[in-house]
Every structure is written in structure tokens, then in C-alpha cells.
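Report on the structure given below.
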Amino acid sequence: SNPSLLILPGDGIGPEVMAEVRRIITWFGANRDLEFDVSEDLVGGAAYDAHGKPLSDETMAKAQEADAVLLGAVGGPKYDDLDFSLKPERGLLRLRKEMDLYSNLRPAQCFDALADFSSLKKDIVAGLDIMIVRELTSGVYFGEPRGIFEEGNERVGINTQRYTESEIERAARSAFELAMRRNKKVCSMEKANVMESGILWREVVDRVAKEYPEVELSHMYADNGAMQLVRAPKQFDVIVTDNLFGDILSDCAAMLTGSLGMLPSASLGAPMANGRPKAMYEPVHGSAPDIAGQGKANPIACILSFAMALRYSFDQGDEAGRLEAAIEKVLADGVRTGDLLAGEGVQPVSTTEMGDAILA
Ligand code: NAI
Ligand code: MG
């Protein structure tokens, strides 16, 4: 039977960019003999409007069953005053948590045609293609104790950086597996100089590395890593790091490449019975309420997220490469959505026209 794909377009520009992905999925079915059983459901504000919560139990169950989940974006001003537990973002967090998606893949890839868009000089970023693997389910965002407590006559805010060996091990393994499919180079980042969790991180990564003798492993303190990402990002291929450092380093790396409208991501968990990892793919950007409903959104981040699904869930690396090459070509031809305009009188295309160009 065909692999199954659960599509959760969400809010704002989510449904607009997802409509272009659906056309591309249809194209693969018609032209490349690559068919998916696609179902679509609600998440975020859209789910709240329909069911009174940002993710229904039925949708959660479907996500657990699907071979991959593709999500657009959630949120919007309409939902800003909702109770914390009902906010659109909670739908997304529930998916990540219950699917136990511990490995967050954030590529920073600079398409040649967009090298001028980087925050950095062109020669520093042209041809850049790195992947940050961020541990997503543990560390300081989750560790106990946490809270704001009374201490003497003042308050203290506490969060705990906590990593078990098995949590580090599975994140590390996912980075090494990835490196084997890329350029066999991993740089692990922590702060073993000042943090016990960093010492353990380094030790466990070294241990996992023994299973991958072909992969060249280096270690770097995360603060130096931040400097190196800006100074000479092309020295890296796969970077593996914890939840907090990964949050910051991946946002930093993202800006090496230009617009938010270009950035995909994957969140992977443990292998399912069929050998595929639990997986959710989504653009890095949000629901962009400022441009929603105007046909201006750049669909490329969402389309590249589907390309990641082809590569990491469906073993279709060649077809993913074909899709990425189509995007590269369209950008080289000068087709630009509004977010990609350099401002020299180029007319922006609509979301659908960008989809048309990529399909063509
Ligand atoms: P945002 O990513 O939605 O927008 C930031 C800026 O980038 C806006 O000016 C927007 O127009 C532009 N932009 C984003 N994606 C674009 C695209 N594909 N094409 C063209 N321009 C694009 O972040 P913001 O404004 O901070 O948040 C808006 C809403 O989205 C909030 O409710 C927030 O909570 C939610 N959000 C959801 C995320 C998710 O679903 N994963 C991630 C980030 C924010
Ligand atoms: Mg962040």
C-alpha cells in the first residue's frame, strides 16, 4: 500500500503554502509513480475553532499512525488571549511530545541565487549546506526542579539542565546516521568547560562515535560554535547539540541563508514497526498574520519540508534532490515572492505562481 501522509495546514499562511505542497504531491503521483495516501486535518487555531482545543485526540491518534506528518503553521492574533492550555502552539507541542520527536533537523542551505540575501558576505555563505541536529525533548526546557520560588526575602527563578545518557545517545546516533548519508563529518557542541551535562554529553557522543568509525568527529564549546558559524560556517557539515544551544545556534544559522520563507525542518523520533522514524515536517516560519490571505506567502519553506519528508521518511533522496533542483532553477531564473525581493524593480509573484514555476 502507499505510504501515508497526514497534512495539518493550520492557520494563517499555513493553508496557503500547503496548497502548493499538495499540488506537488499530486505531481509526484502522476509523473513519478510515487503515490501517497494523503489525509488532512486541523491543528492550532483552526482546531480550536472546530473542537475547542488546539489538537483533538482523534487527530493525535492519526498523527501516531501516519508514516509522516506535514504541518503548515499555527497561531494568530485571534487566539492571543486564550488560556495557555488552549493556545494554538499547544497543539504543536502536544504532537512533538506525544510522538517523542527528539531529533530536530534544521538545515541551513544557501541557494546561490539568494546568496546576496544573507546577513553575511556572499563568499562566506555561497554554497553553504549544513545541518543542525537539535535535541528537542529534554534539557533545560523540561528539567526538574523548575519554577519561581521564595528564597529568604526574595524570589529565585530555577530551571534545570538535565540529560540522561540515553537521551544524549539517541540524539547523537541520529546525527551520526545523518552524517553517513552526507559528508561523514559531525561537530558536537556543548559547554563541557562549565557544565556537568556538557561533560556527560561529550563522553556519550565519543562513545556513539565508535560505532561510526568513518565519521570524523570534533567537539566545540557552543559559544565558540556561535562565533564559528558567523566567521566560517562552511567548516561544518552536521552539528549536534542540546535543546537550548540548538535553539539559538539554529536560529543563528538560519540567518546565514536569508528569508524565513526558505527554511524547512524535520523532527524525528524512534523507528516505527515499518522501520520509518516517527516524523513531522514543518517550515520554520509561523502563520505570518501580516500577509495571510493575500497570496503573498513564499511556499518554498513548506515545499522543502516535503522534500525532507521524501528523503528522511520515504527513502526518496533522488526525488527530493530533483525537487530542490527545481527550486534552485526557479530562483536562478529570478522568480521571487515578496519576501525575496532585493528591491531592484523585480515584480513579486504570488504563492500560486511560485508553485506554478516549481511545477513547471
Ligand atoms: P512569522 O514567522 O509568522 O512571521 C515573521 C515575519 O516573516 C512576518 O513579517 C512574515 O510576514 C514573514 N514570513 C514568515 N513566513 C513567510 C513566508 N513563508 N513567506 C513570506 N513571508 C514570511 O512569525 P511571527 O510574526 O513572530 O508569528 C506570527 C504567529 O505565528 C504567532 O501567532 C506565532 O505564535 C506563530 N508562530 C508559529 C510557528 C509555528 O507554527 N511553528 C513558529 C513561529 C511563530
Ligand atoms: Mg528559536
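About the Cα centre, and with charges only on the beta carbon of Lys, Arg (+1) and Asp, Glu (-1), how big is the dipole of the chain? Nearest 20 debye, please.
520 debye
Give me Cys110, Cys252, Cys302 sorted ascending by neighbouring Cβ count inside 10 Å, so fewest comes first.
Result, fewest neighbours first: Cys252, Cys110, Cys302.
For the chain, treating each Cα as an identical point scatterer without solvent, what Debye log10 I(q)/I(0) comes out at q = 0.11, 0.14 1/Å?
Log10 I(q)/I(0), no solvent term: -0.77, -1.25.
Show me the trypsin sites (Lys or Arg not before Pro) within the stretch 1-48 that DSSP assigns to loop and that have at most 13 other Cβ atoms within 10 Å of their Cβ.
Arg32
Would you please give the residues with an amide H less than 5 Å from that of Ala270, counting only those at least 5 places away or on a separate chain, with H modeled from the backbone geometry?
The answer is Tyr102, Lys278.
Decide, for the stretch 198-287, between rounded, prolate and oblate: order the square roots of the alpha carbon gyration tensor eigenvalues as a ≥ b ≥ c, take rounded if a/c falls under 1.5, and otherwise choose prolate if a/b is larger than b/c, else oblate.
Here the stretch 198-287 falls in the oblate category.
Could you tell me what % of all Cα pairs in the stretch 129-255 have separations over 25 Å?
The share of Cα pairs beyond 25 Å in the stretch 129-255 comes to 26 percent.
Find how much the distance from Glu216 to Asp81 grows on full extension, using 0.36 nm per residue of separation minus their present alpha carbon separation; answer in nm with one decimal.
Stretched fully, the Glu216-Asp81 segment lengthens by 43.7 nm.
Kindly put Ile132, Ile248, Ile327 in sequence by how many other C-beta atoms sit within 10 Å of each C-beta, fewest to most.
In increasing order of surrounding Cβ atoms, one gets Ile248, Ile327, Ile132.
Which one of Ala73, Met131, Val156 has its Cα pushed farthest toward the positive end of the charge dipole of the chain, where Lys and Arg give +1 and Asp and Glu give -1 at the Cβ?
Result: Met131, furthest along the dipole toward the positive end.
For a Förster distance of 41 Å, can you work out the FRET efficiency between the beta-carbons of Gln228 and Ala357, rounded to the nearest 0.05?
It comes to 0.70.
On a C-alpha basis, how far is the centre of the stretch 97-157 from the centre of the stretch 274-302 in Å? Whole number, if you could?
Taking the Cα centre of the stretch 274-302 as reference, the centre of the stretch 97-157 is 17 Å away.
Whats the longest run of the chain with zero GluC sites (Glu not before Pro) that are DSSP loop and have at most 12 other Cβ atoms within 10 Å?
With GluC sites (Glu not before Pro) excluded where exposed in loops, the chain gives 1-210 as its longest stretch.
Can you work out the Karplus-derived ³J(HN,Hα) for every residue in the stretch 137-147? Use 6.51 cos²θ - 1.76 cosθ + 1.60 with θ = phi - 60°, whole Hz, and x for glycine or proline.
Working through the residues one at a time gives 10, 9, x, 5, 6, 10, x, 10, x, 9, x Hz.
Given labels modelled 7 Å from the Cα in the Cβ direction, how far is it in nm from Glu58 to Glu151?
4.9 nm
Kindly put Lys234, Lys210 in sequence by how many other C-beta atoms sit within 10 Å of each C-beta, fewest to most.
Lys210, Lys234
Taking amide hydrogens as modeled 1.01 Å from N in the peptide plane, which residues meet the under 5 Å criterion relative to Ile132, leaving out close sequence neighbours?
Arg106, Ala108, Ile239
To the nearest 500 deg cm²/dmol, what mean residue ellipticity at 222 nm is calculated for the chain from DSSP H runs of n ≥ 4 alone, each contributing -39,500 (n - 2.57), summed and divided by the residues?
Mean residue ellipticity, 222 nm, calculated: -12000 deg cm²/dmol.
Determine the gain in length on full extension of the stretch Tyr141-Arg182; use 0.36 nm per residue of separation and subtract their C-alpha separation, reporting nm with one decimal.
Length difference between fully extended and current span is 11.8 nm.
Each reported figure results from applying straightforward, stated rules to the coordinates on display, with no laboratory input. All values derive from a computational prediction rather than experimental measurement. All Cβ positions, even for glycine, are placed from backbone atoms using ideal geometry, and neighbour counts span all protein chains on display.
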